[in-house]
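Working notes, beginning with the structure itself.
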Amino acid sequence: MIKNSMIKLETSECVHYDLFKRLDGLCERAKNLSLNFIFRHHAVENGNLGNLIDKICDMFTTFNVANLSPVEQIFVMAFCIHCAWYTQDRDSFTMSSIEWGFDCQHVIKYKDKIYIADFVIDFNLNNEEDGGRFFEENPKFKNLKYVIEIDGHEYHSKKHQIAADYERENNLKELGYNVIRFTGSQVYNKPLSCVDKMITIIANDIDKDGEQDG
């Protein structure tokens with residue numbers, strides 16, 4: 001009995017150490033979001049801690065999080081957590097498509113302007129990967145692409161900044177993007193709720209387009 005307990009403790013310590021290494025470089029709030037979720041989750045009791053950590057870490061390490069602002073890192077971590085666990089209550093194909101179409105700091109060209117979107121979910125990314133079959137088999141995704149903006153008070157509160165935001169949003173809409181906005185405070189205080197709201201909006205649009213196609 002004592003021997004088995006020692007093995008479990010050593011295994012747990014190795015997993016914890018590996019997690020801390022893989023979270024290196026993230027802001028404290030993003031780290032804590034991950035740690036609090038993982039170690040309070042019942043998957044720990046079921047012996048799935050390592051698998052849950054791998055799934056979350058494998059996702060966010062594909063993004064260049066070092067170049068993201070702290071609040072953007074928090075949003076990415078919340079997105080990874082959501083995709084790793086909360087997707088069980090949603091259509092798995094829709095969720096995997098959203099995950100695949102997610103990109104950070106995405107460059108968008110509009111006439112002579114270049115915008116850097118905080119995040120996009122663009123199903124064209126899925127379509128490009130498989131040579132065009134994605135839209136052929138899933139037409140309800142075809143006209144859907146999103147820009148997700150996180151508005152920090154410092155850069156979005158002055159009169160000229162607000163005017164620039166309106167112009168930017170209208171130009172993005174002209175290009176066919178749906179724009180979803182959150183304040184920096186919303187993301188910092190309730191990151192998982194923000195991600196859930198984003199995914200709910202997109203999933204509802206997909207279902208609506210599917211009904212129209214049918």
Item to complete: Examine segment 36-55 for a residue that is in a helix (DSSP H, G or I), under 28 Å from D165 (Cβ atoms) and either touching a helix residue (DSSP H, G or I) at 6+ places or on another chain (Cβ under 9 Å) or at pLDDT below 75 (or both), and state whether such a residue exists.
Response: no
Worksheet entry | Hey, F119 at pLDDT below 75 and under 12 Å from the mean Cα position of the chain (by Cα) or not | no
Worksheet item: So which of F141, F119, F102 ends up being touching a residue at least 24 places away in the same chain (Cβ under 8 Å), within 24 Å of R168 (Cβ to Cβ) and among the hydrophobic types (A, V, I, L, M, F, W, C)?
Response: F119
Item to complete: From the list R22, R29, pick out the single residue that is modelled with pLDDT of 75 or more, touching a helix residue (DSSP H, G or I) at 6+ places or on another chain (Cβ under 7 Å) and among the charged types (D, E, K, R).
Response: R29
Discussion item. Yes or no: segment 76-83 includes at least one residue that is farther than 19 Å from D54 by Cβ and buried (at least 16 other Cβ atoms within 10 Å of the Cβ).
Written reply: no
Practice prompt. Quickly run through segment 165-204 and pick out the residues that are within 15 Å of K113 (Cβ to Cβ) and outside any helix (DSSP H, G or I).
Written response: L175, Y177
Worksheet item: Can you pull out the residues in segment 112-138 that are surrounded by fewer than 11 Cβ atoms within 10 Å (Cβ to Cβ) and of a type in the set (G, A, S)?
Response: G131, G132
Discussion item. Of all residues being among the hydrophobic types (A, V, I, L, M, F, W, C) and surrounded by 22 or more Cβ atoms within 10 Å (Cβ to Cβ) in segment 182-197, which is nearest to the chain's Cα centre (by Cα)? Just the residue, please.
Written reply: V195
Item to complete: Assess whether E169 counts as being farther than 30 Å from L26 by Cβ, at pLDDT below 95 and out of contact with any His (no Cβ under 9 Å at 6 or more places or on another chain).
Response: no
Practice prompt. Select from segment 144-164 the residues that are modelled with pLDDT of 90 or more and assigned to a strand (DSSP E or B) and list them in ascending order.
Written response: K145, Y146, V147, I148, E149, I150
Discussion item. Please go through (1) in a helix (DSSP H, G or I); (2) surrounded by fewer than 15 Cβ atoms within 10 Å (Cβ to Cβ); (3) of a type outside the set (A, V, I, L, M, F, W, C); (4) modelled with pLDDT of 90 or more for K109 and return the number of the only condition it doesn't satisfy.
Written reply: (1)
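The values are calculated or read from the model by the stated rules, or taken from the named source; none is laboratory data. Since the structure is predicted, the reported quantities are computational estimates derived from the model, not experimental observations. When we count neighbours, we look across all protein chains shown, and the Cβ atoms used for this are built from the backbone with ideal geometry, even at glycine.
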